[in-house]
Amino acid sequence: MRNVLTEPQMAFGTRDCRDGYEGHLDDLDRFSTCHLKIYIPSDVQRNSTLYLTLGIIGFVILAITYSVLRRRLKRSFALAKIERRRSRRSSESSAARQTAGAFGHN
């Protein structure tokens, strides 16, 4: 576990006191020392779990979207290739069926 408190005179806020100063409490919840400055984490530190979770969810959604689009594009390219081959075969067979060209010979 790393120490996030930057100064030895800092402490994490307890109870309702989140900002300002607070003292150490003994076993009977009485202040036993002078007041300490309360550590206030930045928004990034406070919400780091949320940001990490949203980043992972966003990455998963992007990965799924990419794979779906990639499959659809591959399928459409394959169908277009099949159609080109079919068209070429039909034009070759119709050219072979012609007996005479435009000028009366093959």
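The values are calculated or read from the model by the stated rules, or taken from the named source; none is laboratory data. Here the structure is a predicted model, which means the values were calculated and not measured. As a convention, Cβ positions derive from the backbone with ideal geometry for all residues, glycine included, and neighbour counts pool all protein chains shown.
For ALA100, which of the numbered conditions (1) modelled with pLDDT under 60; (2) touching a Pro at 6+ places or on another chain (Cβ under 8 Å) fails to hold?
(2)
Pick from region 27-44 the residues that are surrounded by 10 or more Cβ atoms within 10 Å (Cβ to Cβ) and not in a strand (DSSP E or B): which of them is modelled with the highest pLDDT?
Among those residues, the one meeting the criterion is PRO41.
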